[in-house]
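Peer 1: Quick one: the structure is below, questions incoming.
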Amino acid sequence: MDIKEIAKNYSKDKKRMMTDAVVKNQHHMRNFTSYHTYSLNLMYAEWYLLFPTQKQDINCSSCRKAVNKFWETMVDEWIEEESKPTPEPKTKKKVGTKKRKAK
């Protein structure tokens, strides 16, 4: 599966939930030298729903980095998807008869 395909399949609520988790984790990582526990657990839970056969250990530092990087990429994809301008539907001009003044 492609990242763009996965990004399109998420609902607005799940997008908002995962975006909040990634942002909280990034803020926590800037201030401390660790991951935000709740956000990381949420990212792993969603990872296992998407990729049940690809196991990632939460105790493995490179696995944590990979899962974190994946969700950061997904959030970037959602932001890019929302910023694309939607084409406006073309409106048809009404062609009618010209009204004339009565004499």
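Each value in this text was obtained by applying a stated rule to the coordinates, not by laboratory testing. None of the values given here were measured: they were computed from a predicted structure. For neighbour counting, all protein chains shown are included, and Cβ atoms are generated from backbone atoms with ideal geometry for every residue, glycine included.
Peer 1: Can you sort Ser61, Ser39 by how many other beta carbons sit within 10 Å, fewest first?
Peer 2: Ser61, Ser39
Peer 1: Sort Val75, Val23 so that the residue with the fewest other Cβ atoms within 10 Å of its own Cβ comes first and the one with the most comes last. It would help to have the intermediate numbers written out before the result.
Peer 2: Working: Val75 19, Val23 14.
Starting with the residue having the fewest Cβ neighbours, the order is Val23, Val75.
Peer 1: How do Glu81, Glu72 line up, fewest other C-beta atoms within 10 Å first?
Peer 2: Fewest-to-most Cβ neighbours within 10 Å comes out as Glu81, Glu72.
Peer 1: Let me ask another. Specify whether the C-alpha gyration tensor of segment 12-83 places it in the rounded, prolate or oblate class, a ≥ b ≥ c being the square roots of the eigenvalues: rounded for a/c under 1.5, otherwise prolate if a/b is larger than b/c and oblate if not. Present the calculation step by step, with values, prior to reporting the outcome.
Peer 2: Working: a/c = 1.82, a/b = 1.15, b/c = 1.58.
Oblate shape, in that a/c is at least 1.5 and b/c is the bigger or equal ratio.
Peer 1: Continuing with this model, one more query. Need one number: nm distance between label points at Glu5 and Gln56, each 7 Å from Cα along Cα→Cβ, rounded to one decimal.
Peer 2: Distance between the two pseudo-spin positions: 1.9 nm.
Peer 1: How high is the relative contact order of segment 12-83, in percent, counting Cα pairs under 8 Å that sit 6 or more residues apart?
Peer 2: Working: 44 pairs, mean separation 22.6, N = 72.
The normalised contact order for segment 12-83 reaches 31 percent.
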